[in-house]
Amino acid sequence: MKRSRSRDKAASELFAALYPRLAGWCRRLVDDDETAHEIASEAFTRLWARWSRVEEPRGFLYVTAANLVRDHWRKLERERKAMHRVTAEAEANSRTEQADPSVRLLVQSLPERLRTPILLHYYADMPIREVSVLTGRKEGTVKADLHAARELLRVHLRRSLDHTL
């Protein structure tokens with residue numbers, strides 16, 4: 001019991017002495033107060049878990065914090081790349097939709113009985129068998145609906161092309 005109290009006291013004194021400087025150092029590296037405090041706290045938590053095996057607590061804290069900062073930077077870079085990818089894809093999709101919005105509008109204008117199989121088969125890339133299961137219709141009915149929808153779209157597209165020429 002006495003050993004535990006002395007251990008707790010030593011840890012509390014170390015925390016009081018080193019935490020502000022460690023958190024400040026982390027703050028300069030990550031440029032965010034909350035993240036800096038999370039990193040410094042995590043470093044102390046890891047030190048506490050290994051307290052009896054760590055010979056140099058101050059060095060352990062700074063090395064651990066440096067590793068956590070590096071992990072933070074890597075995470076930010078992954079997020080930045082993901083956002084760039086999503087933004088690029090969104091721009092490409094919006095250009096495609098802007099190039100020919102009439103097809104999208106025509107599909108939306110189809111009766112639901114025809115629109116659902118078109119969306120599932122062509123836009124969600126599902127095989128006819130799967131569309132049949134999802135809609136509760138026979139495969140032959142799905143094929144007939146797809147054919148009817150394509151014919152309606154073809155007629156509407158021809159009309160819109162004739163008006164633009």
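The values are calculated or read from the model by the stated rules, or taken from the named source; none is laboratory data. Since we're looking at a predicted model, the values are computed, not measured. Ideal geometry is used to build each Cβ from the backbone, glycine not excepted, and the neighbour counts take in all protein chains shown. Surface areas here come from the heavy atoms of the whole protein model, side chains and all, with no ligands, DNA or RNA. Shrake-Rupley method; radii C 1.70, N 1.55, O 1.52, S 1.80 Å.
Mean separation of Cα pairs under 8 Å and 6+ residues apart, divided by the residue count of segment 1-84: what relative contact order is that in percent? Here the relative contact order equals 26 percent. If I ignore ligands, DNA and RNA and count only protein heavy atoms, how much of His121 is accessible to a 1.4 Å probe, in Å² to the nearest 10? In the full protein context, His121 sits at about 40 Å².
To the nearest 0.05, what FRET efficiency results for His147 and Thr87 with a Förster distance of 30 Å applied to their C-beta separation? So the FRET efficiency works out to roughly 0.20.
Backbone amide hydrogens, once placed in the peptide plane, bring Met126 within less than 5 Å of His121, excluding anything fewer than 5 places away on its chain. In percent, rounded to a whole number, the relative contact order of the chain is 14, using alpha-carbon pairs under 8 Å and six or more apart.
The phi-based Karplus calculation (6.51 cos²θ - 1.76 cosθ + 1.60; θ = phi - 60°) puts the 3J(HN,Hα) values of segment 20-30 at x, 5, 5, 5, x, 4, 4, 4, 5, 7, 9 Hz, whole numbers, x for Gly and Pro. The accessible area of Tyr122, taken with all protein chains in place and a 1.4 Å probe, comes to roughly 110 Å². Ignoring the sites themselves, the chain has its longest run without trypsin sites (Lys or Arg not before Pro) in a DSSP loop having at most 15 other Cβ atoms within 10 Å at 51-137. Only protein heavy atoms count here; on that basis, with a 1.4 Å probe, Glu89 has an accessible area of about 110 Å².
Only helices enter the 222 nm calculation for the chain: every DSSP H run of n ≥ 4 contributes -39,500 (n - 2.57), and dividing by all residues gives -29000 deg cm²/dmol, rounded to 500. Sorted from longest to shortest, the spans of the Cα atoms of the chain along the three principal axes equal 87, 40, 19 Å.
Computed over the alpha-carbon atoms, segment 1-84 gives an Rg to Rh ratio of 1.09, Rh here being the Kirkwood radius from the mean inverse distance. For the set Phe15, Phe44, Phe60, the ranking by accessible area, highest first and with no ligand, DNA or RNA atoms included, is Phe15, Phe60, Phe44 under a 1.4 Å probe.
The HN-Hα couplings worked out from phi for segment 57-72 by the Karplus form 6.51 cos²θ - 1.76 cosθ + 1.60 (θ = phi - 60°) are x, 4, x, 4, 4, 5, 5, 4, 4, 4, 5, 5, 5, 4, 4, 4 Hz, whole numbers, x standing for Gly and Pro.
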